[in-house]
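Novice: Sharing a structure below in structure tokens format, with a few things to ask.
The values are calculated or read from the model by the stated rules, or taken from the named source; none is laboratory data. A quick note: this is a predicted structure, and the numbers were derived from the prediction, not measured. Ideal geometry is used to build each Cβ from the backbone, glycine not excepted, and the neighbour counts take in all protein chains shown. Remember, those area values only see protein heavy atoms, side chains included, never the ligands or the DNA or RNA. Shrake-Rupley method; radii C 1.70, N 1.55, O 1.52, S 1.80 Å.
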Amino acid sequence: MPSALAQTAAPAVAPAKVTYTNPLKIQFGDPYVLHTGGTYYMYGTGAGADKGFAAYSSKDLVNWKREGQVYFHDNKNGWSDPKASWEGAYWAPEVYEVKGKFYLFYSAQWKENPTKEVENFKIGVAVADKPTGPFTDLANKPVFDPGYPVIDANVFFDTNGKAYLYYSRAAYKHPVESEIADWARQKGWYKEIEESWVYGVELKPDFSGVIGEPVLLLRPPVKLSDKQAEWESRSVTSKEVNRRWTEGSVTFKKGRTYYIMYSANYFGGQHYAVGYATSTSPLGPFKKAANNPVLQKNSAKGGTVTGTGHNSITYSPDGKEMFCVYHGRTTKTGDERVIFIDRMEVKDGVLKVYGPTTSPQKLPSGVKTTSKK
């Protein structure tokens with residue numbers, strides 16, 4: 001017979017978990033989060049996707065379930081070349097819900113490449129009935145071809161109903177003269193410095209193409225005296241590589257102000273970091289913020305995180321807290337990019353990101369905590 005103690009003892013109940021800790025257990029680069037129907041969906045570069053893109057889902061932004069691959073390059077309208085450099089360069093997917101359909105914007109190597117360019121990146125858009133796909137390209141060609149390689153598509157839907165596409169002109173074959181380039185030449189390090197620049201252009205309502213000509217919005221500083229020059233040139237000044245980047249942009253609006261966040265420096269290096277700029281118009285001109293960078297490595301202060309960048313933005317389940325979703329690397333994860341989710345806020349026109357963190361953080365507001373037996 002069981003003892004009296006065993007008969008009366010209550011089942012053990014673990015205390016409800018009220019914190020989470022970065023990095024999350026997702027090996028993504030370039031993360032983008034869509035929130036729809038009470039569920040979050042995360043898309044990104046890598047995570048084991050085979051020449052396409054995978055997705056994860058979550059109810060609380062903290063615990064994620066793999067949904068498998070949602071986009072395949074060989075769908076009936078696929079236009080990319082999976083045999084090109086970087087295995088086709090299937091990078092930086094972002095998914096938007098419009099009138100019950102889901103649209104995936106991404107970059108990849110275009111198979112039309114008569115001059116055999118190593119970097120022939122273009123932006124495409126695919127559609128699905130569900131956030132988990134399968135996504136099929138809208139057309140058997142990219143959204144548009146500006147005549148140079150482009151990556152990192154981000155779409156902003158303004159309050160007047162217009163949609164805008166933001167992207168980065170790749171640094172490939174784009175040498176730019178600047179005081180930083182002069183400095184690097186004097187050092188005998190590099191003959192030239194290539195740069196990537198962020199552009200914006202209005203999108204057609206059906207995403208079949210663009211309206212008008214792209215407008216240059218952001219580029220690395222030309223003068224050494226520019227307050228942004230130090231942090232945006234670290235990949236050059238640390239002798240990592242002869243390129244300066246402006247990429248991974250994400251645009252949002254607060255009040256009457258448009259905010260564009262962007263990443264600078266080499267995505268594969270330790271100096272990848274995030275800044276932002278503001279404007280009164282979706283196509284600029286944008287002014288870079290005095291408090292840049294707002295997210296960068298913490299290894300100089302005894303932390304373990306480097307390479308923080310290419311962020312997206314999402315909100316807590318109750319909509320009260322704003323979160324910056326980005327990738328980074330830690331001493332433990334090495335070269336593998338992993339996901340961080342940290343709080344951010346915009347107050348009196350100033351944007352702040354409270355990260356990178358690796359210590360326990362409060363769960364996002366509105367998350368239901370349940371005890372587990």
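Novice: Take the alpha carbon gyration tensor of the range 235-350, find the square roots of its eigenvalues, order them as a ≥ b ≥ c, and report rounded if a/c is under 1.5; if not, report prolate when a/b exceeds b/c, else oblate. Walk me through the intermediate numbers first.
Specialist: Numbers: a/c = 2.23, a/b = 1.36, b/c = 1.64.
Note, shape of the range 235-350 comes out oblate.
Novice: Write down the accessible area per residue of the chain in Å², having rolled a 1.4 Å probe over the full set of protein chains.
Specialist: Values: 17390 Å² over 373 residues.
The answer is 47 Å² per residue.
Novice: OK, next. Please list, by residue number, every one of the GluC sites (Glu not before Pro) in the range 99-197 that is coil in DSSP and has at most 14 other beta-carbon atoms within 10 Å.
Specialist: On the way: sites: E112, E117, E119, E177, E179, E192, E194, E195; in loops: E112, E117, E119, E177, E192.
Here the sparse-neighbourhood loop sites are E112, E177, E192.
Novice: Mean residue ellipticity at 222 nm from the helices of the chain, using -39,500 (n - 2.57) per DSSP H segment of n ≥ 4 over the full residue count, to the nearest 500 deg cm²/dmol? Don't skip to the answer; put the middle values down first.
Specialist: Working: 4 runs with 21 residues, N = 373.
Mean residue ellipticity, 222 nm, calculated: -1000 deg cm²/dmol.
Novice: A further question follows. Counting only protein heavy atoms, what percent of the accessible surface of the chain is carbon or sulfur at a 1.4 Å probe? Spell out each step's value before the answer.
Specialist: Numbers: 8810 of 17390 Å².
Exposed carbon and sulfur together represent 51 percent of the surface.
Novice: Can you grab the distance from the C-alpha centre of the range 116-134 to the C-alpha centre of the range 171-222, Å, no decimals?
Specialist: Computed from Cα coordinates, the inter-centre distance equals 22 Å.
Novice: Here's another thing I want to ask about it. Between exposed chymotrypsin sites (Phe, Trp or Tyr not before Pro) in the chain, where DSSP calls loop and at most 16 other Cβ atoms lie within 10 Å, what's the longest gap?
Specialist: Numbers: sites that count: Y172, W189, Y354.
My reading of the result: 1-171 is the longest stretch.
Novice: If you take the square roots of the eigenvalues of the alpha-carbon gyration tensor of the range 125-177 and sort them as a ≥ b ≥ c, do you get rounded (a/c under 1.5), prolate (a/b over b/c) or oblate? Provide the component values of the computation, followed by the final result.
Specialist: Numbers: a/c = 2.61, a/b = 1.55, b/c = 1.68.
Taking the square roots of the gyration eigenvalues as a ≥ b ≥ c, the range 125-177 is oblate.
Novice: If you take every residue apart from E94 with its C-beta less than 12 Å away from the C-beta of E94, what net charge results, scoring Lys and Arg +1 and Asp and Glu -1? Don't skip to the end; give the middle numbers.
Specialist: Working: positive: none; negative: D30, E97, D152.
Result for the local shell: -3.
Novice: Follow-up question, since we're still on this one. So which trypsin sites (Lys or Arg not before Pro) in the range 253-328 pass both tests, a DSSP loop state and at most 10 other Cβ atoms within 10 Å of the Cβ?
Specialist: Details: sites: K253, K254, R256, K287, K288, K297, K301, K320; in loops: R256, K297, K320.
Passing both the DSSP loop test and the Cβ count: R256, K320.
Novice: What's the center-to-center distance, using Cα atoms, between the range 149-165 and the range 30-58 in Å?
Specialist: A separation of 19 Å, based on Cα centres.
Novice: With the cut-off at 1.5 for a/c, could you classify the range 66-181 from its C-alpha gyration tensor as rounded, prolate or oblate?
Specialist: Details: a/c = 2.15, a/b = 1.34, b/c = 1.61.
Oblate is the answer for the range 66-181, as a/c is 1.5 or above yet b/c matches or exceeds a/b.
Novice: Just name one of T251, V62, F102: the one whose Cα is farthest towards the positive end of the charge dipole of the chain (beta-carbon charges, Lys/Arg +1, Asp/Glu -1).
Specialist: V62
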